[in-house]
Amino acid sequence: MLSTIAWLNESGLSTADTWQKVYDIGVVEIQLHAVPPTLAYLSQVEDALSISRITKHGVVFYLTDVALTSGPPDRHVPSDRQDGFLFVPMSNIICINTFGSVYPRGGAA
């Protein structure tokens with residue numbers, strides 16, 4: 001949380017100084033140049049993806065309760081659900097905003 005608060009203040013996106021003020025920011029959308037395949041897949045899973053932290057180096061996503069498979073492709077078996085992190089470097093980030101997804105009036109672009 002401290003690294004995210006520091007980034008928010010250094011970038012000028014917010015003047016948050018507590019966890020509650022960071023939480024109060026609400027929806028944060030991060031637009032990427034290229035979406036890693038793991039992130040593309042997991043972003044479709046409801047409530048599996050959240051932002052863990054933002055630093056000057058990049059964004060860390062926290063992936064929760066993800067059902068995985070193990071074994072060779074011809075004998076995949078379900079494994080336990082896993083939690084994990086996915087790091088996206090700042091060089092792959094186009095924009096971070098607190099508007100959420102923005103579309104012109106009349107529908108999606």
Ordering 23-36, 51-64 by per-residue average of other C-beta atoms within 10 angstrom, highest first, gives 51-64, 23-36
Residues other than ILE30 with Cβ under 15 Å of its Cβ, Lys/Arg counted +1 and Asp/Glu -1, net out at +1
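Any read-out appearing in this document is the output of simple, stated calculations on the displayed coordinates, not a laboratory observation. Because the structure is predicted, anything quoted here is derived from the model rather than measured. Glycine also receives a Cβ, built like all others from the backbone with ideal geometry; neighbour counts cover every protein chain displayed.
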